[in-house]
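Structure first, commentary second.
Taken together, the values in this text are just the output of simple stated rules run on the coordinates, not laboratory data. Predicted, not measured: the structure shown is a model, and the values here were computed from it. Cβ coordinates were reconstructed from backbone atoms using ideal geometry, including for glycine residues, and neighbour counts include every protein chain displayed.
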């Protein structure tokens, strides 16, 4: 079989693909399909060989795909990656899995997609809104795709017979996936450690956060201006003496951990980003003053941050479900790669700045240093030194506290780094690979080399024509932004809806827990549980339809941990009883936190 997709009588596939993915359809329709030998399997289904090698089972390709999907899918998986197109059997099996929210078909060569479309009628699969595609290109793009679509648990369905034709591409894809899974493991651990803190902060900031404007109104506000993003790595120290010159023509966007260094150099940043909700992050700026800076933060930040004196306050859309309801959606979402430096870069992109110069983004330990000299990290280490515990010990603990690796530096040398900083580097690499990514350069020769970020000399951002007057005028205009006049009314309505949704969710979860227990008791007496299954189906439908369901799920343990392994109906009902009980407990905890917070005082916790 060879030819254009349009030449095949099943070209209805291509018509469907044009509606769902017009760019991919245009590509596939313009190329020759891969040459395959199509053969009827013993079951009567179509299978194929390529270059004499079977792509699917010669006996039962449909059953093979179903078995692969069933055995490889993790409990609670919301996303399935299908590696290789083949004849589409694995794709169809993935879409048939229960509970899957999205399926990504990853194929190294578009010619294989063309072959699939000419072989079988796949219109049902192609029109499924859960299906997206990754065809060729940089496998690193998978990292961005998984992050942007909100994937939590990912299963991979791959056939060695398909991957062996492009082993380098699929191997790189699996490496990217392992990176993403490392990040998700860190995120899960972070949520378990700080989730309740974030919920408490959101409740305490609820009313104040509703009264600040979002960053959405700043979209493109500084287009045509270069920006210098100031992180707190050791490379920042080399930039500080030139900041006064840079600010005459460049917008200065600083992270909170760099503020002390900037003020010591006599410079206030134009924008200061504070996005980490922890108390110790607040300590970086607690005793500092930068009244001419515009503060950019998010609703879960440590509450005293919102009581600082600044030129203006802007809130991004919260990354957390409770924050999106209380502070409102549509504020503008900042990219979160695990570091405030990633958010600062994304904010500069949001402002329309180009080029963007990164200062102090070392993502490693040049010359054995962890941070700029004036940062709180360094100062605390120096201040904690004693005769039997010198400051060098604290710095060494920071340097060697995580498993070390060596990576390429911007100046061609080697740099000591660690796995945590690997994640930040991958985040930048994935975003800079996008077509609309702004021109980004680094001012840190000793920092980590990141594809897409070129090394620039310190004189480069100093060489633009002076435009400080224009910059200040735009900053004044930005500082005049206000939240909508009805923001407080919106907040009150959102709070009423939140409480109503939480109480309905608690009632449904308690009903499900009780019905699960009744079902277990009925099974033990060999009685029918048909009524129990009907009730649980109603409860599940009610929970799925609840508009605040994501809030209750925020503090739950990972789904795979909750589900465990159930081998019979009684065990499944026991899992359901435990899951409904955890949902009810999470709702009660949210209600109690809301009742205790000053901004939401007077809200009564559930009496159940």
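Distance from the Cα centroid of the range 53-126 to that of the range 577-593 is 37 Å (rounded to whole angstrom). Net length available on complete extension from residue 454 to residue 572 is 37.0 nm, with 0.36 nm assigned per residue and the Cα-Cα distance removed. How high is the FRET efficiency between residue 507 and residue 15 when r is their beta carbon distance and R₀ equals 35 Å, given to the nearest 0.05? With R0 = 35 Å, the Cβ-Cβ based efficiency is 0.15.
Order of 588, 331 from fewest to most other C-beta atoms within 10 Å?
Details: 588 19, 331 24.
Taking fewest neighbouring Cβ atoms as first place, the list is 588, 331.
For every helix of n ≥ 4 consecutive DSSP H residues, a contribution of -39,500 (n - 2.57) applies; sum these over the chain, divide by its total residues, and give [θ] at 222 nm rounded to the nearest 500 deg cm²/dmol.
-14000 deg cm²/dmol
Of interest is the spacing of the C-alpha centroids, which for the range 151-173 and the range 333-364 amounts to 31 Å. Computing FRET efficiency as 1/(1 + (r/R0)^6) for residue 414 and residue 172, where r is the C-beta to C-beta distance and R0 is 22 Å, gives about 0.45. Taking the inverse of the mean 1/r over every pair of distinct Cα atoms in the chain gives a Kirkwood hydrodynamic radius of 27.2 Å.
Once you have the Kirkwood Rh of the range 473-533 from its Cα pairs, apply Stokes-Einstein at 25 °C and 0.890 mPa s and quote D in µm²/s. Provide the component values of the computation, followed by the final result.
Working: Rh = 16.0 Å.
D = 154 µm²/s.
Taking each pair of distinct Cα atoms in the range 487-600 once, what is the resulting Kirkwood hydrodynamic radius in Å?
Roughly 15.2 Å, rounded to one decimal.
For residue 488 and residue 149, a Förster radius of 30 Å and the Cβ-Cβ distance give a FRET efficiency of 0.35, rounded to the nearest 0.05. Values of log10 I(q)/I(0) for the range 194-479 across q = 0.07, 0.08, 0.11 Å⁻¹ run -0.24, -0.32, -0.62, by the Debye formula with one identical scatterer at each alpha carbon and no solvent. Out of all Cα-Cα pairs in the range 5-165, roughly what percent, to the nearest whole number, are more than 21 Å apart? Within the range 5-165, distances greater than 21 Å cover 43 percent of Cα pairs.
Distance between Cα centroids, the range 506-532 to the range 248-291: provide it in whole Å. For the range 506-532 versus the range 248-291, the Cα centre distance is 56 Å. Estimated translational diffusion coefficient (Stokes-Einstein, Kirkwood radius over Cα pairs, 10 °C, 1.306 mPa s) of the range 285-348: 126 µm² per second. The gain in end-to-end length when the residue 130 to residue 477 segment is fully stretched comes to 120.7 nm, 0.36 nm per residue minus the alpha carbon separation.
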